[in-house]
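Everything on this sheet refers to the single structure shown next.
The values are calculated or read from the model by the stated rules, or taken from the named source; none is laboratory data. Since we're looking at a predicted model, the values are computed, not measured. Neighbour counts are summed over all protein chains in view; Cβ atoms, including those assigned to glycine, are modelled from backbone coordinates with ideal geometry. Ligands, DNA and RNA are stripped out before the accessible areas are found, and what is left, the full protein with its side chains, is counted by its heavy atoms. Shrake-Rupley method; radii C 1.70, N 1.55, O 1.52, S 1.80 Å.
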Amino acid sequence: MVKAAHIIMDSETLHMSRLRSVDCAAENTLHKQINRLQCQSSVASLMERNGCLEPKDIGVVGMPNSDTRGSHDETIQPATVYESTTDGNISNLRTEIVADGSAGFPREHQEGEPYKCQRQNNDRSLQDIFELQELFDDEDDDDSDWEPSQNGIISKKWFCTNCIMPNFEDVLHCDVCGEYKESEIVRHGFFASHFARGVNTHSESEELVTYQGTSTRETALGNCTAVGFDERMLLHSEGEMKSHPHPERPDRLRAIIASLATAGIFPGKCFPIPAREITQDELLKVHSLEHIKSVELTSSMMSSYFTPDTYANEHSAHAARLAAGLCADLASEIMSGHAKNGFALVRPPGHHAGITQAMGFCLHNNAAVAVLAARVAGAKKVLIVDWDVHHGNGTQEIFDGDRSVLYISLHRHEEGRFYPGTGAADEVGIMGAEGYSVNVPWKCGGVGDDDYVFAFQHIVLPIASEFSPDLIVISAGFDAARGDPLGGCDVTPAGFGQMTNMLSGLCHGKLLVILEGGYNLRSISTSVTAVIKVLLGESSGCQMGGIVPSKQGLRTVMEVLKVQVKFWPILESSYNSLLPQWEALSFRAKKKRYRRRKHLFGPIWWKWGRKRLMYHLLYGKFRLKLKRRALV
């Protein structure tokens, strides 16, 4: 995997350079790692002798070994990193512990076969661009005078505001999502026109009419939808843009807020709650002290990285504390009856952040903080439903042995090749809490509304009803939405709304929705709006009749039912009702495989025709050997 080390030097005395080490677990050797560390130490010694800086041991950051796939063991190697402070002076030496952690992209590019390009639907994905332009460049070269011609993208001149994909200079609309080059989606949200500057007036007026009404400030106590948001979270951003804009960017929240404001939903129909910073004592219930300190240390650095894709600047620690504080207060408001439900519009996201590590764009685990705040407010049992396209490995790690918290995740897995590689169906919990981790791991991309709703009907709702929670926390990542550059799935806003509606029938509608992923501005803003509509009592717009899953979706659901029925007997009826459909599908699949194998061994008429001797010589003995090997 990747280990990043950045050296930032005073521009008046030293020419800016950057040293990075790229550690591919399947390719690089230990000698190459040692040589890089010796090189960094030599540079550090030279700078100290010249009086450029004084080293200070200001903390360590730990990362998990991604090859363990859910193990809590760590493989740690030190790397010396100099960081510039907010005043531009280089005075701090940061000793960063970087393990073979994984980046916040699909695991097929990061785990096992590092940065392997995805070829989904023959489209160049965001990971392909990162691989070609950032991850395999020559780390020993000075890139201060970099020109596009050196990386083979001479004609790529602008990045789409909506999906951050690069486009040709003379193209007015994004080749990937069709967004206009000068789109105003950040200003007007999804009301902005696809094709030109301005606003789609017909859609705007339609939405405004739908949401006109009294403010929630005038509604009865406990019958309102609370929303948590603070502009200071927008200050969390990547300090220096690399060859490509980072997908987790402040424009995500700007587009959502613009959409809600234009539609008159927030402020207006929803009740805002004031933001506060989470305290260290509250965080210590979720994270280790070392992890908390490592996040706080970034406040003195203009740019730093926990993993190659998990960045921080001098505002990131403050933003993370605000996000966690908002989630904790929303959970308390809902449990105390001051709000019917709530939506936390927060960043940085959190469900990849574990007990000791920050990863996958996440710093503090917001959902875990909310669960513990709900406990303090009186909740005995809490259900977490995570529909982010990536598995929430951090949340599962935190509650893996806790029977009072049921964690259900629906995510793209692909047999462990999709980031972060955890979340297989047989990961069910530990230490007496078996069955309290329920993973629905999709085997491919392109999963849509029918598959998600089908899994809700046969897995999520039966288990949730049996568990009978006092509060439901939704880790709402919208990177499974149609058009997302990282997810590659096909869930629509109506699909997200329907899943929210299905959960609202439990525990008297006490729902807390927490924003996680989602990197297409148009899809994330429309999806968030659809979910908040349901929280406000609107219809989801998704038809429940005629739900037909895909073949791979049915296969995944059956595998999960087979594993979880041992812990949740209520699933037996679903398993038995779907078994005939699954057997018929399996029979057809076996028949197709047999036909392909039959063609492999030659035409059947060879066996009985004039060429039967040729058939026997070519295939008879060979097939006999195969049978003997199988018997052995």
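If you go through the stretch 505-526 and keep only what is within 24 Å of V369 (Cα to Cα) and either touching a strand residue (DSSP E or B) at 6+ places or on another chain (Cβ under 7 Å) or among the basic types (K, R) (or both), you end up with L506, C507, G509, K510, L511, L512, V513, I514, L515, E516, G518, I524.
If you go through the stretch 489-502 and keep only what is in a helix (DSSP H, G or I) and open to solvent by less than 20 Å² (accessible area, probe 1.4 Å), you end up with G495, F496, G497, Q498, M499, T500. Pairing residues of the stretch 355-370 that are within 16 Å of M233 (Cβ to Cβ) and of a type in the set (V, I, T) with residues that are at pLDDT 95 or above and open to solvent by less than 10 Å² (accessible area, probe 1.4 Å), at Cβ distances under 6 Å and at least 6 apart in sequence or on separate chains, gives V369/V286; V369/A324; V369/C327; V369/A328. No other residue among L406, L410 is touching a residue at least 40 places away in the same chain (Cβ under 8 Å) and more than 17 Å from the chain's Cα centre (by Cα) apart from L406. The set of residues from the stretch 273-288 being assigned to a loop (DSSP other than H, G, I, E, B) and either open to solvent by 60 Å² or more (accessible area, probe 1.4 Å) or of a type outside the set (G, A, S) (or both) comprises P274, R276, E277, I278, T279, L284, K285, V286, H287. Within the stretch 237-252, the set of residues being under 16 Å from the mean Cα position of the chain (by Cα) and outside any loop (DSSP other than H, G, I, E, B) comprises just one member, R252.
Given the criterion assigned to a loop (DSSP other than H, G, I, E, B) and either open to solvent by less than 20 Å² (accessible area, probe 1.4 Å) or touching a Pro at 6+ places or on another chain (Cβ under 9 Å) (or both), identify the matching residue among G537, G517. I'd like the intermediate steps shown before the answer.
Working: G537 fails: either open to solvent by less than 20 Å² (accessible area, probe 1.4 Å) or touching a Pro at 6+ places or on another chain (Cβ under 9 Å) (or both).
Result: G517 is the single residue among G537, G517 that is assigned to a loop (DSSP other than H, G, I, E, B) and either open to solvent by less than 20 Å² (accessible area, probe 1.4 Å) or touching a Pro at 6+ places or on another chain (Cβ under 9 Å) (or both).
Screening W442, W387 for residues that are in contact with a His (Cβ under 7 Å, 6 or more places away or on another chain) and in contact (Cβ under 8 Å) with a residue 40 or more places away in the chain leaves exactly one candidate, W442.
Please find, within the stretch 397-447, the residue that is least open to solvent (accessible area, probe 1.4 Å) out of those that are among the small types (G, A, S) and in contact with a Pro (Cβ under 8 Å, 6 or more places away or on another chain). Explain how you work it out, then say what you get.
Step one: filter the stretch 397-447 for residues among the small types (G, A, S), giving 401, 404, 409, 416, 421, 423-425, 429, 432-433, 435, 437, 445-446.
With in contact with a Pro (Cβ under 8 Å, 6 or more places away or on another chain) added as a condition, the list becomes 423-425.
Working: G423: 0, A424: 24, A425: 16 Å².
For the stretch 397-447, the residue satisfying everything is G423.
The set of residues in the stretch 396-421 that are in contact with a strand residue (DSSP E or B) (Cβ under 7 Å, 6 or more places away or on another chain) and closer than 18 Å to Q564 by Cβ comprises Q396, F399, D400, V405, L406, Y407, I408, S409, L410, H411, H413. Among residues of the stretch 570-585 that are on the phi < 0 side of the Ramachandran plot, those with a beta-carbon under 8 Å from a residue that is among the acidic types (D, E) and part of a helix (DSSP H, G or I) at least six positions away or on a different chain give the pairs I570/E466.
Among residues of the stretch 244-272 that are more than 21 Å from P485 (Cβ to Cβ) and open to solvent by 20 Å² or more (accessible area, probe 1.4 Å), those with a Cβ under 8 angstrom from a residue that is outside any loop (DSSP other than H, G, I, E, B) and acidic (D, E), sequence gap 6+ or separate chain, pair up as T262/E204; T262/E207; G264/E207.
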